[in-house]
Each structure stands twice: as C-alpha cells, then as structure tokens.
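Only the coordinates and a few stated rules stand behind these numbers; no lab work does. Just so we're clear, the structure is a prediction, and the values are computed from it rather than from any experiment. A quick note on method: Cβ atoms are made from the backbone with ideal geometry, for glycine too, and the neighbour counts reach across all protein chains shown.
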Amino acid sequence: MSQTPQVDKGSQAAKKSRGRGKRGPLASVGLHSVLAIAAFIAAFPVAWVAYVSLGPGEYDYQHPQRIAAHPSLSNYDHVLNHTDFFTWLGNSTIVALGTTVVGVLVAASAGYAVSRIRFLGRGSLMYTFLLTQMFPVSVLIVPLYKILANTKLLDTYPGLILVYCTTAVPYCAWLLKGYFDTIPVEIDEAGRIDGLSPFGTFWRLILPLARPGLAVAAFYTFLTAWGEVAFASYFLLSPDKFTLAVGLQQFVSQYNSQWNYLAATGVLIAIPAAAFFYLVQKHLVTGLTAGGTKG
Amino acid sequence: MTVAAPAEAATPRRSEEPRRRTGPLRRIRRSYDQFWYAWAMCAPVVVILGVLVGYPLVLGIMYTFTDATSLNVGHTIGVNKIPDTFSWVGLKQYVDILSGPDNQFWPHFWWTIIWTVSCVAITVSLGLGLAVLLNRQVRGRTFYRVLLVLPWAVPTFVTIFSWRLLLSDGGAVNHLLGALGLGQPEWLSNPLWQKIAAIGVNVWVGVPFMMISMLGGLQSIPAELYEAAEMDGATPWQRFRHVTLPGLRPVSSTLILLGVIWTFNQFNVIFLLFGSTNGDSVQILVTYSYRLFFGQNPMDYAGAATVGVLCLSILIVFTEFYRRWIRRMQGAQA
C-alpha cells in the first residue's frame, strides 16, 4: 500500500506557513489518541480472553482480579494434553485449507471469465452471486442435510468443504472479478498471440499477477471456514471429525461450564488466524482497493 | 468485491442488444461456440451453487406450503427409512406467521429493521472515519492497523465469548462504568440493554472489514483532486464532502449493500451472545427462524422455512430498489 499516493502528503505546496498535510502538534495528538482509543477497544476483548485463560480455577473469570495474583498455564496444559484439541485443530486445518484452495480456485476462474469475456448470462451470474448471500441458514440446513446424506458426504471433510464454498465463493468471485478488471487486457492478448490457450493465459499469466487479490480472497475464505459454527455443528456427527468450533462447545454444555478451558482454547485458535492475517495483511489493502477502482 | 453492482447489470444488456434479432437458440449456440471456455470456467461455481444452494432453496420454498416438522419429514434411523408424511397446507404457514395468534413475526421484523439500519449506519461511519485517519501519514500505522483488524481476524466464537464475560453483570464493562460513576445496566438480561449490547458487539465485529475496504477505496482517489480542491480554497470539510465521498461511491455503494445483506442475516453475533435460550426479544428474524427450528420439539421446519423465505424476499426487494436508486444517482451524475 505504500506505493499509492498519500492524500495529505505533498511537498511542493508551501504556500501556507505550515506545509500541506503537515499537522500541528495538537492535531497529531488528537489523531493518535483517537487511533489509540479505537485500537484499544478493538484489541481489549481479545486480550481479555488471553488474560482469563491464565486463571486456573473454574470460577476465576468471575473474579478477574484474582488471576493476576496467581497466573498459570494449567488451562493450556489441560487443553493440550487431556482433550482432543489436536484432533479438532487438525480437522479445522484440513477443512479451512481445503475450503481455501477449492474456493479460491473456483472463484478465481469464474471471476476471470466474468471479468474478461462478454458471454451470455454473465450479468445474471453476478446477480446470482449476490443473491446467494441473502439466504438465511435456516432455510438451507435441512435440505442440505438431506443432500449430503444422500451423496454420502455427511460427516466428511469434502462435504463440509463444499458447503463452506457456497458461502465464501460468491463474495470471492466478486472480489477477484474486480481485481482482474484492473489487470490490463493487453497481457491476455499478448499471451494468446504467443500461443497460450485461454486456460493457459489464466493460469500462467493472470493468476501470478493477481496474487494480492488472491491473498485477500484466501484470507476471507480461510476465516469463513475457520470460524463457522452452525453448519459444522449440524453436519459433523462423529467426535473424531469435530472442528474446533464444534469441539469447543463441549466445554460449555448444559452440564458444566469450564470457561477457563474455553478461554485457553480460544487463544490457541486465535493464534493461527492472527498469524495467517499477519502474512496477508500487506496485500489486504491493495487487494480490496482494486475492486473499487473500476466501478 | 467492491464492484458497483448496478453497473454490472447494465453493461451486458447493452452489449447483447444487437444479437437479440437472431433466435434465442442460435444466439446461445453462437455464444457457446465463441465462449465455451468462459462457460467451462464458470461451470464449477454454477454446479456447486446450483446443487448446494439452488436445490435446497427450491426444497425449502416447497416446505413453506406444507406442515413439515421434524416428525413427518422423511429421515433415516439406522436402516429404517421413514418416508415423508407431511401434507400440503397451501398458504397457511404464511397466514399463521404474518397474522397468527402468537404474533411473533412483527416485533422481530421491526427489531430486525432497527438492528440492520443502526448497525450498518454506525459500522460504515466508524469504518470510514478510521479509514480516513489511517490514510494519513501516521507514525505506527501498521501497528494501529494490525490492532484494529483483530476483531475480524479472530474467529467470532472466541471474541463473542469474551464479550459475554465482559458484559456480564459483574464484568469488566460494568466495573469500568461503576468506576466512572455511571449506571451498571444488565447487558445480557434486560431487553433494552440486550439490544444495545447486540448492536455494539456487531459494530465491533463489523468495523474492521468496512475500514479496510474503505481504506482501499480512499487510496484509489487521485491525489490531484485534493490538490485542485485546495487550490480553489476548499476547506478540509468541503474536500471531504465533495472529493472523498463522491470518490468513494463505487466502493461504498457496494459495501452498504453487502453490509445490509450480511447484517440482516447476521446469525453468529446474536446466537453466540445470547445463547439459544434467553433473550427472546433480541432475536432478529434469522435467529428467530433458527429457534423455530431447533428451539422446540418437534422442530417446526415449515415455520422456519417460511420465515427464511420472507427474509429472502425482503432482501430481494430491498436490493432491487437500492440498485435502481444507485443507477439513478449515477445517471444524474453523468
């Protein structure tokens, strides 16, 4: 994002006593305090989970001041060694990565076709994408259950991956279409002249150029799959297939509420998501920009 | 994303105009010869969406004309297959839900409208405000950005669990309010405060996405426009009003549309914040429909599907009006 021109930065205009875009100290303080407050509000609940997770007792979350006196990692010890955490983590990873790969590929090819080729039904396809965002979960869940049961995909990874694709792909296709629009058509034409097939152009020229856009789509898809609760708790039946979101619910059931374990697991879940975010965050702004520039 | 939806529908129609004269079959044929690879590239999406969204939707709409519950819909127990035994009841479900004796729909409906409007308005303005701030030269911008995006990056079932702790009666938020000498509302049990808490948490969850997208839109506005405006003596507010806002319109019009759709159907926040048992008045239509389905025995599938179909129709009507409105605004501009 650093290559884009900064709105308020200008070096040549020195008409005023203060150069363009140079802030007075008061404005700087104001800007930083607003950002700092916002950042604090954004980060505090996340930090709070981390703090609560250090309290070993079952009721420590009700008395947070106690935790500071005797912080311990015993919750993590319990979660890592005495629960199926690693099974859940593995399942979540398989499902989330699978959704990311399948979803981004499928969305990219559709987005590319819609962006480049004026074929019949292209407008209605985009409208359908928008439409699929409007379906409430409750209409879909029973028919989906039936379909998955009939195709023997119930309680399997591929079944859940396909279901997640339906929620993530429409948005990603839209996002990537916007991104492909910003890549000059001349590149495609050059590829075609050099003898590449339409698929070859897409695969070898456009996809590498669209890496920032793909990163954003991947991030979005990954998060969608990583944090989904409703479908996962309904379509996964056997405990060894549970994802983290489903497994977590065992800590807080009708019979017991082990918030301390829940907090520790929450932290362990947040770490991969945050790490993944850190990897793609450089691309995030440029990727999302692209869609907007071509209205 | 952020491609303005209205322009989308307008372009292809115009380009297909001359071909209208030939017969539809020939037109499809010619389009196929020319663009078969384009169709091939879209095929996976169309198949996935068709099978996993289209078919369930048709089935779901069909159920709204029946009295299907979890007892009479065909299912399999072990090796025994139980066939469908529900019967057709015509429009009874719709009549019951819209004007039935328990009259649950309309309160939920109005609350859903308030919820959607306030969430989207607050989220968009906060996102825009933070994006404008982050778009300046600020020391530690990456640091702020990473922190500000945390609510989006961490899965909602973790963060909302944290909000439950923070908002509980003796939780951190009330400690803070108490220290400031303010009242200590029962965020999670009083109907009014429940609503405020729900909106607040949803805004917290939604702002980062808006902010990042708006930031992208801001960076695509050419700096020359600001320079020209400043040469003409525009004040910062005028620059914001007449350069930034119009420049953002392609991004913001789509963001608002998506925001409305996503907020209207926001399931996770309310479901996770209030659980499936308490907070009846805070349920929006989507969670209300989920409750009709899972919250009782036998599960009222027809009722849930009917509410779902009503949600869908509301959104379709809204989208249609919104797109027309945007198109007219664009026409007025051009």
By average C-beta atoms within 10 angstrom, highest first, the peptides B:42-54, B:238-250: B:42-54, B:238-250
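Please order A:Phe276, A:Phe135 by the number of other Cβ within 10 Å, starting at the fewest.
Details: A:Phe276 18, A:Phe135 22.
Arranged by neighbour count, lowest to highest, A:Phe276, A:Phe135 become A:Phe276, A:Phe135.
Quick one: if the Förster radius is 45 Å, what FRET efficiency do B:Arg327 and A:His70 give, using the C-beta to C-beta distance and rounding to 0.05?
On the way: r = 63 Å, r/R0 = 1.40.
E between B:Arg327 and A:His70, to the nearest 0.05, is 0.10.
Placing unit charges on C-beta atoms (Lys and Arg positive, Asp and Glu negative, everything else neutral), compute the dipole magnitude of the stretch B:221-334 about its Cα centre in debye, rounded to 20. Let's see the in-between values first.
Details: 8 positive and 7 negative charges, 57 e Å.
Computed about the Cα centre, the dipole is about 280 debye.
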Tell me which DSSP H helices of chain B clear both cut-offs, 24 Å or more of axial length from alpha-carbon atoms and a mean Kyte-Doolittle hydropathy of at least -0.5. B:24-49, B:105-134, B:191-219, B:245-264, B:301-333
Averaged across B:50-59, how many Cβ atoms of other chains sit within 10 Å of each residue's Cβ atom? 6
Quick one: grab Rg to one decimal and Dmax as a whole number for chain B, Cα atoms only, in Å. 24.6, 80
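Given the -39500 (n - 2.57) contribution per DSSP H run of 4+ residues, what per-residue ellipticity at 222 nm results for chain B, rounded to the nearest 500 deg cm²/dmol? Present the calculation step by step, with values, prior to reporting the outcome.
Working: 15 runs with 230 residues, N = 334.
About -22500 deg cm²/dmol.
For the stretch B:146-289, what is Rg from Cα atoms divided by 2.2 N^0.38 Å, rounded to two decimals? Write down the numbers at each step before the final one.
On the way: Rg = 19.6 Å, N = 144, 2.2 N^0.38 = 14.5 Å.
For the stretch B:146-289, the normalised Cα radius of gyration comes out at 1.35.
On full extension of the chain, what length is gained from B:Leu25 through B:Leu176, given 0.36 nm per residue of separation minus the C-alpha to C-alpha distance? It would help to have the intermediate numbers written out before the result.
Values: separation 151, 0.36 × 151 = 54.36 nm, distance 6.94 nm.
The B:Leu25-B:Leu176 span can extend by a further 47.4 nm.
May I ask you to derive the FRET efficiency for A:Gln249 and A:Tyr127 from their Cβ-Cβ distance with R0 = 56 Å, giving the value to the nearest 0.05?
Values: r = 37 Å, r/R0 = 0.65.
The pair A:Gln249/A:Tyr127 has a calculated efficiency of 0.95.
Figure the gain on full extension for A:Ala149 and A:Ala36 (residue separation times 0.36 nm, minus the Cα-Cα span) and round it to one decimal in nm. Write down the numbers at each step before the final one.
On the way: separation 113, 0.36 × 113 = 40.68 nm, distance 5.04 nm.
The A:Ala149-A:Ala36 span can extend by a further 35.6 nm.
How shielded is A:29-38 by partner chains, expressed as the average number of their Cβ atoms within 10 Å of its Cβ atoms?
4
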Order by neighbour count: B:Trp88, B:Trp163, B:Trp115, B:Trp36, fewest other Cβ atoms within 10 Å first, most last. B:Trp88, B:Trp36, B:Trp115, B:Trp163
The FRET efficiency for A:Leu237 and B:Ile61, from their Cβ-Cβ distance with R0 = 30 Å and rounded to 0.05, is 0.65
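Using the Cα centre of the stretch B:104-295 as the reference point, and only Cβ charges (+1 on K/R, -1 on D/E), how large is the resulting charge dipole? Debye, rounded to the nearest 20. Don't skip to the end; give the middle numbers.
Values: 10 positive and 7 negative charges, 42 e Å.
With only Lys, Arg, Asp and Glu charged at Cβ, the dipole is about 200 debye.
In square nanometres and to one decimal, what's the mean projected area of the convex hull around the Cα atoms of the stretch A:115-245? Spell out each step's value before the answer.
Working: hull surface 39.2 nm².
Seen from a random direction, the Cα hull of the stretch A:115-245 projects 9.8 nm² on average.
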